[in-house]
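Below you'll find the structure, written out as structure tokens, and then a few comments.
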Amino acid sequence: MSFEAAFNTSPNIVISTPGRVNLIGEHTDYNEGFVLPTVIPQTTKIALSARGGSRVRIASRNMAESGVLHFMLGDEVRHNSWIDYIQGVTQVLASAGRRVTGFDVYIDSTVPAGAGLSSSAALIVGVIKALRLAFQLELKDTAIALLAQRVENEFVGARVGIMDQMAVALATPGQALFLDTRSLDYKLIAIPKTAGLIVINSSIKHSNIGGGYSERRSSCEESARIMGVRALRDIGIDATQKLTMLPPHLMKRARHVITENARVQAAVTALQAGDLPRLGSLFKESHASMRDDFEVSTPEIDILVEIACADPDVYGARLTGGGFGGSIVALASANGARGAADRIAKRFAERTGLSPSVLVPVV
Ligand code: GLA
């Protein structure tokens, strides 16, 4: 299918939004801490035309079997399906006083869903950016990221932080976005040319809706409350003695967040110095913390990270994104990344019987 085939006309607007991979800083964003994501080459293409009236028509190459779906503005109802992302956009825009009329939208994405690479943020941010153009909405990219987060929190029902939306709205290839999720201040940091990033999707689907993600978030909020701070961000690495105020299970969760915030700042220094071995060690420490303290890894992801870390061209690797499945990110030398990625995927498939896919580097 195509926009033309679905709606018998050509689109007025076509834009692309990338997926993201988080280099380091996991589960820190909803604790008002630091993150360091960058974009991946896979994108979500949004083709859109404004129409009068209040009917919104939606089609997608990825969901071709659904045909053309539609809903009326002001009549958005959650269906627990992918069209909630579009319904959520129109509902949140209306509640923010942003006027749009009906429109046709066609989605064509190469960002895999459920891989921990922000397919939903790419879709939501992309649709809002397309609507900004179609209806001349005065919205800065940061405002778009905040609206996109509201779509997830208020309509879709995923209690996510702000990292993904900011990453896909603002980051550019070859640079990492060092973001303070409390103030939303950010710096773009060049990724050294000597570095080769690897992203491998384990093929185990992950989701941020409900379950483990939401439970981790509640644990962090409770830990902050017990320690008398607004958010875990407010406990520095030199104040970890405060963790003794927490019951053991919360202590582990909070320790991950506090040490992870320190690792993000150390990673920025390493990135700026082009110190790849140091950055690789931080990836490894981050993974161990997510596996043992935050407990968001899975046995298969641990195997994938272990195989990656054993590769001679790899400095370090870790689970990336919300966890409970999804992808890993590994740091290799620029020249070694391609060969290492193929070797890691092959060994993982042999050992687990799963069908991983190498997303970065792109062939
Ligand atoms: C998901 C969420 C983000 C963030 C990560 C974990 O990607 O959307 O807000 O919390 O998990 O770092």
Every residue from the stretch 12-59 that is more than 15 Å from the ligand (Cβ to nearest atom) and closer than 27 Å to ILE235 by Cβ: none
When you check ARG99 against the structure, is it modelled with pLDDT of 95 or more and surrounded by fewer than 18 Cβ atoms within 10 Å (Cβ to Cβ), yes or no? no
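Would you point out the residue of the stretch 235-257, among those that are outside any loop (DSSP other than H, G, I, E, B) and small (Gly, Ala, Ser), that is farthest from the ligand (Cβ to nearest atom)?
Step one: filter the stretch 235-257 for residues outside any loop (DSSP other than H, G, I, E, B), giving 237-245, 248-257.
From what's left, small (Gly, Ala, Ser): 239, 254.
Numbers: ALA239: 22, ALA254: 15 Å.
Ranking the candidates gives ALA239 first.
Whether any residue in the stretch 211-230 is under 30 Å from ALA349 (Cβ atoms), of a type outside the set (S, T, N, Q) and open to solvent by 30 Å² or more (accessible area, probe 1.4 Å) is what I want to check.
The answer is yes; a qualifying residue exists.
For (1) within 16 Å of the ligand (Cβ to nearest atom); (2) touching a Ser or Thr at 6+ places or on another chain (Cβ under 9 Å), each residue gets a yes or a no:
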position: PRO312; (1), (2): no, no
position: TYR315; (1), (2): no, yes
position: GLY323; (1), (2): yes, yes
position: SER333; (1), (2): no, yes
position: ARG338; (1), (2): no, no
Filtering the stretch 144-181 down to residues that are open to solvent by 30 Å² or more (accessible area, probe 1.4 Å) and within 11 Å of VAL89 (Cα to Cα) yields GLN149, ARG150, GLU154
Please go through the stretch 333-349 and give me each residue that is closer than 17 Å to ASN201 by Cβ and either in contact with a strand residue (DSSP E or B) (Cβ under 9 Å, 6 or more places away or on another chain) or not small (Gly, Ala, Ser) (or both), ordered by number. ALA337, ARG338, ALA340, ALA341, ASP342, ARG343, ILE344, ALA345, LYS346, ARG347, PHE348
For the stretch 47-70, does any single residue satisfy the condition of being open to solvent by 60 Å² or more (accessible area, probe 1.4 Å), of a type in the set (Gly, Ala, Ser) and not in a loop (DSSP other than H, G, I, E, B)? no
Please enumerate the residues belonging to the stretch 187-210 that are outside any loop (DSSP other than H, G, I, E, B), buried (at least 19 other Cβ atoms within 10 Å of the Cβ) and within 16 Å of the ligand (Cβ to nearest atom). VAL199, ASN201
Here the qualifying pairs (Cβ atoms under 6 Å; residues six or more apart or on different chains; first in the stretch 102-121 and at positive phi; second away from the ligand (no atom under 13 Å from the Cβ) and open to solvent by 10 Å² or more (accessible area, probe 1.4 Å)) come out as GLY114/LYS205
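Are any residues in the stretch 211-234 away from the ligand (no atom under 14 Å from the Cβ) and more than 19 Å from ALA262 (Cα to Cα), and if so, which ones? Write out each step before concluding.
Of the stretch 211-234, the ones away from the ligand (no atom under 14 Å from the Cβ) are 222-230, 234.
Passing the criteria: GLU222, ARG225, ILE226, GLY228.
Can ASP108 be described as acidic (Asp, Glu) and open to solvent by 20 Å² or more (accessible area, probe 1.4 Å)? Steps first, please.
On the way: acidic (Asp, Glu): yes; open to solvent by 20 Å² or more (accessible area, probe 1.4 Å): yes.
Yes, satisfied.
The values are calculated or read from the model by the stated rules, or taken from the named source; none is laboratory data. No experiment lies behind these values; they were computed from the predicted model shown. Positions of Cβ are generated from backbone atoms using ideal geometry, with glycine treated the same way; all protein chains shown enter the neighbour counts. With ligands, DNA and RNA removed, areas are computed over all heavy atoms of the protein, side chains included. Shrake-Rupley method; radii C 1.70, N 1.55, O 1.52, S 1.80 Å.
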